[in-house]
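Here is the structure we will look at, set down as structure tokens.
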Amino acid sequence: MVIIPAKGAKEWLGFHPWTFCSQERRGRDELQRRRKAPAMSIQAIARALCSRARLVSARWMPEGGGLNGWLSEQKRCMSTVYAKPILATTQGKLKDVEVKVTNFEREDKGIAILAGDIFDVPIRPDIVHRVVRWQLAKRREGNHSTKGISQVRGTGKKPGPQKGSGRARHGSLRGPQFRKGATQHGPKPRSHEIGLQKQVRRLGLKVALSARAAEGKLKVFDNIQPPSHRTGDMEQLIAGIDGCKKVLFVDEAEKVNAPLCQATGNLFYANVLPAKGLNVYSILQHDTLVMSIGAIRRIEERLHTPINR
């Protein structure tokens, strides 16, 4: 049985086709009488359909191209989106980086030279990912704990006879199948730390610093001692930094800068770290990194120290 839909068939064939049904339901003579049109064979309808398809193809497709030509024409007409490179093409050449030194008042304090093997390494997202995973796993406390059958409170008496009661056999009411019973195979305190080589950790910090330097989001101050400990004044100073949404201040002091912490304590988008506490995850959480000259020299000294194996 072959059924050709009546809707739209006239536009394809140029005339209304026959709709063929099974011979048991309706004969060809009855169809011819009702439609008042000459009967057509299946082969004739197929030939008409193919001819109509070729005509439509020649009308809407480029000459001599057929389907391949039509696809080529569509590709040619499609607009191409060009991605603007974020980082400069000279990034990652391990060359020393020159940055402008300023302060909170945006005064020019000269130029600082940053080590190229720290602030101009190739960007490696895979290394950054590994270091962040290591950091987040290491900081987990892992103090989750559950009680086993020997730790839960309850009697140790056998609840019933082994045989003869018709019920299930049990040896203790402290089992995991009872209410207030033990937890079977539950978590115990453990360390979630994963292994990562020291040179990979160092490389991750170098990549994070290089990315901020290449983006122009690394600001170098001669010192980050705020002129005032008031939060309102600090808010205005941070607003003066171009394109700053969340800022991380890094100081050279062994401990965090107390006046700076007092000024930024109520600002959710500002945080303070000493140079020895600078890490990859904290850099990624802030779009702008403000470091003092002393903090940069401490970081360079830290990353140039040979690894003790």
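Computed quantities for the displayed model
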item	result
Where labels lie 7 Å past Cα in the beta-carbon direction, separation of Tyr269 and Ala137 in nm	3.5
Residue-span extension gain [Tyr281 to Glu193] - 0.36 nm each, minus C-alpha spacing	30.1 nm
Greater than 22 Å apart at Cα, pairs in Lys109/Lys206; Lys93/Lys206; Lys109/Lys276; Lys198/Lys255	Lys109/Lys206; Lys109/Lys276; Lys198/Lys255
Nearest-0.05 FRET efficiency for Leu94 and Ala258, computed from C-beta distance (R0 35 Å)	0.40
Packing-based order for 202-215, 256-269, 154-167, using average beta carbon neighbours within 10 Å, highest first	202-215, 256-269, 154-167
Per-residue HN-Hα couplings for region 169-179 [Karplus 6.51, -1.76, 1.60; θ = phi - 60°; Hz; x = Gly/Pro]	8, 9, x, 7, 8, 9, x, x, 7, 9, 5
Accessible area per residue in Å² at 1.4 Å probe, computed on region 168-231	59
Tail fraction, Cα-Cα pairs, region 103-195, threshold 21 Å, whole percent	67
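The values are calculated or read from the model by the stated rules, or taken from the named source; none is laboratory data. Predicted model, so just to flag it, every value in this text is computed and none were measured. Positions of Cβ are backbone-derived with ideal geometry, glycine not excepted, and every protein chain shown enters the neighbour counts. Ligands, DNA and RNA are stripped out before the accessible areas are found, and what is left, the full protein with its side chains, is counted by its heavy atoms. Shrake-Rupley method; radii C 1.70, N 1.55, O 1.52, S 1.80 Å.
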